[in-house]
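Chemist: Sending over a structure as structure tokens; questions will come in a sec.
The values are calculated or read from the model by the stated rules, or taken from the named source; none is laboratory data. In this text the structure is predicted, and so the values were computed from the model without any measurement. Here the Cβ positions follow ideal geometry from the backbone for every residue, glycine too, while neighbour counts run over all protein chains shown.
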There are 2 protein chains.
Amino acid sequence: MAKEITPREENYSQWYNDIVKKAGLAENSPVRGCMVIKPHGFAIWENMKAVLDKMFKDTGHVNAYFPLFIPKSFLSKEAEHVEGFAKECAVVTHHRLMNNPDGPGVVVDPSAKLEEELIVRPTSETIIWDTYRNWIHSYRDLPLLINQWANVVRWEMRTRPFLRTAEFLWQEGHTAHALKREAIDEAKKMHEVYARFAEDYMAMPVIKGAKSANERFAGAEDTYTIEAMMQDGKALQAGTSHFLGQNFAKAFDVKYLDNNNKEAYVWATSWGVSTRLVGALIMCHSDDDGLIIPPKLAATQVVIVPIPKPNGEITAAAEQIMVKLKAKGISVMYDSDKKTRPGYKFAEHEMKGIPVRLGIGKRDLENNVVEVARRDTKEKMSIAIDGIEEYVANLLDEIQDNLFARAKAFRAENSHEVNTYDEFKEVLEKKGGFIYANWDGTPETEQAIKDETGATIRCIPDDNHQPTGPCMYSGAEGKYRVLYAKAY
Amino acid sequence: MAKEITPREENYSQWYNDIVKKAGLAENSPVRGCMVIKPHGFAIWENMKAVLDKMFKDTGHVNAYFPLFIPKSFLSKEAEHVEGFAKECAVVTHHRLMNNPDGPGVVVDPSAKLEEELIVRPTSETIIWDTYRNWIHSYRDLPLLINQWANVVRWEMRTRPFLRTAEFLWQEGHTAHALKREAIDEAKKMHEVYARFAEDYMAMPVIKGAKSANERFAGAEDTYTIEAMMQDGKALQAGTSHFLGQNFAKAFDVKYLDNNNKEAYVWATSWGVSTRLVGALIMCHSDDDGLIIPPKLAATQVVIVPIPKPNGEITAAAEQIMVKLKAKGISVMYDSDKKTRPGYKFAEHEMKGIPVRLGIGKRDLENNVVEVARRDTKEKMSIAIDGIEEYVANLLDEIQDNLFARAKAFRAENSHEVNTYDEFKEVLEKKGGFIYANWDGTPETEQAIKDETGATIRCIPDDNHQPTGPCMYSGAEGKYRVLYAKAY
């Protein structure tokens, strides 16, 4: 089974597609650019959702739900926003089908044309700010801290499972504030929440920073991003948080009376992460034997395999161990299938990324031990059954920490500091990875470098962005030291 | 605040709309027939989801996600199915907007017309069974027990918040089985799960039964339903589970090899409940002072109100009580707002349906008591702070039980047995409610009664459906004793 995966070295892109397929995570659907998220892939997203939802609630947010459809005229109200999304919109024009008068099947009923076309939401700022106008009257109605879990559609031309799909699942936070300072603080707070989630749960180190003007969200005054390094050295934007200024408040006329009874426009943020994170998780940790899931996000953390097959004694021992593990909050399954042999099962559970495998054979039981195999390093150890729950609990923590440390070390190895454009191009071509260099702060320089090399400014890092000299491209005064990379 | 609600006796329909609005549950959106689910309403749905999701997983189901869009041609593949849904479909015809060449704003780009139109899913049998064709090869791939949480769209002409909306949120289970018997058992098992959820969590008694042919799901061989009585005596279909036979397997050519290596079509079920349940919950329990939420589904079970306003001593006592309640798994909030007076707060929390209110004043603290008010009966009691957590935990159970008992008693009072059509019409007109009568089993009789009186057969109850005499309408031999009612 594992043999069927294309090795990373040979073809990284095919390796990714192979894992998505062989680990049963997702597949293409008959609808262009839309994927089917299969149960094993969806379980990862469910676990991500549960953790994030708690983090949002712990920071004072509540959930709500806004319509799937947006009247076409709403999109035009914020100039940059429509510019950013108009070219990739799914448009609903009719509300009824009828029997085909000329043959079999059904056709669109021409008499059921909508007066105004509806857009399937690519993001919900417009419909939400149109709603907020009626919810916000005075400073007492603020702040409004709302999140939505939803599906959105952006008609992308080139799609890949999880990383870029026409329909995807996400959450979008939309908050409203009386003061500019509060809105900026909120956008930064959620930026921090995303970084914490990526590092503490996905075991994926991220660089926190601000986007350059070229890469900002359509309609934002500032976009904060977390950027992670994949195993091919490319960057993946894993989550963004936007300070929207008063752009949407002005477009939708959302004002409040401050405590001096003066009218003022409301300040806004929005922030989102999506099923793209599942793609990031796959690409960050997995190996040539299949998926690796960090224990904190694994639906099944431990699998027990009877060797060579289940019998009364082994099953009884497995059940006792399961009780102990469950009591420690560890999720565990017993693979009692009689039709397949241990070797097949080992390969299958490795492919699916289950963090820990316990093998139990007759001889093991005689010695009161089990064989413990960890997915991340492939190490195997013989461990006493007595106290196994403590051992496994610690091992899961260790695997979580190891995955993070490994990814961090990989990033360090593949991060480079350069000072000249020649050096930049050489490193980009020969080594890839993250490249730190001085930038003059102009969109022209950024665009020229992108056109010439394919690399973009991923962010102006929150830390260490002081220029160390002139811009590597223009030779003009350096404004920031920024992170360049090729990106997904 | 409470004064603004129209009493049930005066106008039941307006009473419902008032509660939806004043309790902050939902509101109409600028998109025809689509609602905005506000945080307080969404929290009820979230709690319902969490309980149901666990019940589905405990019965062996896993979650997955299928595309929002369905190719138009898929709908036509099952004849009854397309007949049932074609007239209410949102149709996507284009994938891009462009700047309006004749003025401001954006228009649909005519060059971005889709080759085949896409339907926004009204339900997902077709896309899922098209996918299952590739997942099912042999009996080893069965059963397939999958659920999806999703939004769906049915272009309804007359909509009401929660009860009937163009877009709604729901779950749809779609299972595949080798044997007919297994599929029927699955459909009945989920029927039972729905009944248990309605009664044990929503405190809403339901009649379980099968739908008559006229009322079956489009494409089903059997539809099992749970029917609840609202406070105006009308029935509300709260959840349905369908035995789909081999209809979708045949339409999408889904076959498996049985253990004799013979090819056979797969057997199917589907089952769903939706945000309609929030409407049912409101209508089942609430009163003229506002919403009543059964404690098991309340996001906030207890609110503490300082009297007349928060001070150091009261706040300290409230915090101690909160710690004790939280330790018992009770969700509690402290209403420390200084701008509003207790009377206003009481009315507001009653409007929002919080099951228990604790009032704490100076005198209470001197006597080491708090005033406990229960939402369901409006009773107030002075209770010792010592042991308050036990008292409140028991009280929440008692409220849950009382709501169920009250709804059950109401249903009993408003259920009638009749034997003649004259009697039927008189009871329907003068008393309403549920009416049990003999039916000859023909669609013609059912249709005639519906046309003449507006009442429909809600179900052939699982219990006591033996006819006690001839059909009340046709005089022909009775086939079943069935439940008639007017319905939402």
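Chemist: Within segment B:150-159, how many residues are facing chain A (nearest Cβ under 10 Å) and polar (S, T, N, Q)?
Modeler: The number of residues fulfilling the criteria is 1.
Listed here are the residues, each with its yes/no results for (1) among the charged types (D, E, K, R); (2) at pLDDT 95 or above.
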site: A:Leu118; (1), (2): no, yes
site: A:Asn134; (1), (2): no, yes
site: A:Trp149; (1), (2): no, yes
site: A:Met157; (1), (2): no, no
site: A:Pro161; (1), (2): no, yes
site: A:Arg181; (1), (2): yes, yes
site: A:Phe197; (1), (2): no, yes
site: A:Thr223; (1), (2): no, yes
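Chemist: Between a residue in segment A:30-46 that is at the interface with another protein chain (Cβ under 7 Å from one of its Cβ atoms) and on the phi < 0 side of the Ramachandran plot and any residue that is of a type in the set (Asp, Glu) and surrounded by 20 or more Cβ atoms within 10 Å (Cβ to Cβ), which pairs come within a Cβ distance under 6 Å, given they are 6 or more apart or on different chains?
Modeler: Correct list of pairs: A:Cys34/A:Glu167.
Chemist: Restricting to segment B:89-108, give me the number of residues that are in contact (Cβ under 8 Å) with a residue 24 or more places away in the chain and not polar (S, T, N, Q).
Modeler: Of the residues in that region, 4 qualify.
Chemist: So, one more: Taking B:Met204 and the conditions (1) buried (at least 22 other Cβ atoms within 10 Å of the Cβ); (2) touching a Ser or Thr at 6+ places or on another chain (Cβ under 9 Å); (3) not polar (S, T, N, Q), which numbered condition does it fall short on, given that it satisfies the others?
Modeler: Just one mismatch for B:Met204, condition (2).
Chemist: Return the residues of segment B:343-365 that are over 33 Å from the mean Cα position of the chain (by Cα), of a type in the set (A, V, I, L, M) and buried (at least 19 other Cβ atoms within 10 Å of the Cβ); say none if nothing qualifies.
Modeler: B:Ile360
Chemist: Just give me the residues in segment B:329-366 being basic (Lys, Arg) and under 18 Å from B:Ala393 (Cβ atoms), in sequence order.
Modeler: B:Arg357
Chemist: Identify, please: which residue in segment A:92-126 is within 17 Å of B:Trp155 (Cα to Cα) and small (Gly, Ala, Ser) and is, among those, surrounded by the fewest Cβ atoms within 10 Å (Cβ to Cβ)?
Modeler: Residue satisfying both the conditions and the ranking: A:Ser111.
Chemist: Same structure, new question: Quick check on this structure: which one of B:Val91, B:Val107 is more than 7 Å from chain A (Cβ to nearest Cβ) and more than 22 Å from the chain's Cα centre (by Cα)? Break it down into steps so the answer makes sense when it comes.
Modeler: Details: B:Val91 fails: more than 7 Å from chain A (Cβ to nearest Cβ).
Answer to the check: B:Val107.
Chemist: Determine which single condition A:Glu125 fails, assuming it passes every other condition in (1) under 34 Å from the mean Cα position of the chain (by Cα); (2) over 30 Å from A:Trp15 (Cβ atoms); (3) within 10 Å of chain B (Cβ to nearest Cβ).
Modeler: Failing condition for A:Glu125: (3).
Chemist: Being buried (at least 17 other Cβ atoms within 10 Å of the Cβ), in contact (Cβ under 8 Å) with a residue 60 or more places away in the chain and of a type in the set (Ser, Thr, Tyr) is the filter here; which residues of segment B:48-88 pass it?
Modeler: B:Tyr65
Chemist: Okay, next question. Name the single residue that is nearest to A:Phe85 (Cα to Cα) among those in segment A:111-122 being of a type outside the set (A, V, I, L, M, F, W, C) and within 11 Å of chain B (Cβ to nearest Cβ). Don't jump to the end; show me each part of the working.
Modeler: Of all residues in segment A:111-122, those of a type outside the set (A, V, I, L, M, F, W, C) come to A:111, A:113, A:115-117, A:121-122.
So of that shortlist, the ones also within 11 Å of chain B (Cβ to nearest Cβ) come out as A:113, A:115-117, A:121-122.
On the way: A:Lys113: 23, A:Glu115: 22, A:Glu116: 18, A:Glu117: 15, A:Arg121: 10, A:Pro122: 7 Å.
Here the answer is A:Pro122.
Chemist: If you don't mind, another one. Are any residues in segment A:156-176 over 17 Å from A:Arg121 (Cβ atoms), assigned to a strand (DSSP E or B) and hydrophobic (A, V, I, L, M, F, W, C), and if so, which ones?
Modeler: A:Ala176
Chemist: In segment A:313-349, what residues are out of contact with any Lys or Arg (no Cβ under 8 Å at 6 or more places or on another chain) and of a type in the set (Asp, Glu)?
Modeler: The answer is A:Glu319, A:Glu348.
Chemist: Here is a further query. Scan segment A:182-197 residue by residue and report those that are closer than 20 Å to A:Trp129 by Cβ and not acidic (Asp, Glu).
Modeler: A:Ala183, A:Ile184, A:Ala187, A:Met190
Chemist: What pairs can you find where one residue is in segment B:137-149 and within 12 Å of chain A (Cβ to nearest Cβ) and assigned to a helix (DSSP H, G or I), the other is surrounded by 19 or more Cβ atoms within 10 Å (Cβ to Cβ) and not aliphatic (A, V, I, L, M), and their Cβ atoms are less than 6 Å apart, with a gap of 6+ or different chains?
Modeler: Note: pairs meeting the criteria are B:Tyr139/B:Tyr256.
Chemist: Please tell me if A:Lys21 is within 25 Å of A:Tyr344 (Cα to Cα) and either over 19 Å from the mean Cα position of the chain (by Cα) or surrounded by fewer than 17 Cβ atoms within 10 Å (Cβ to Cβ) (or both).
Modeler: So A:Lys21 passes the test.
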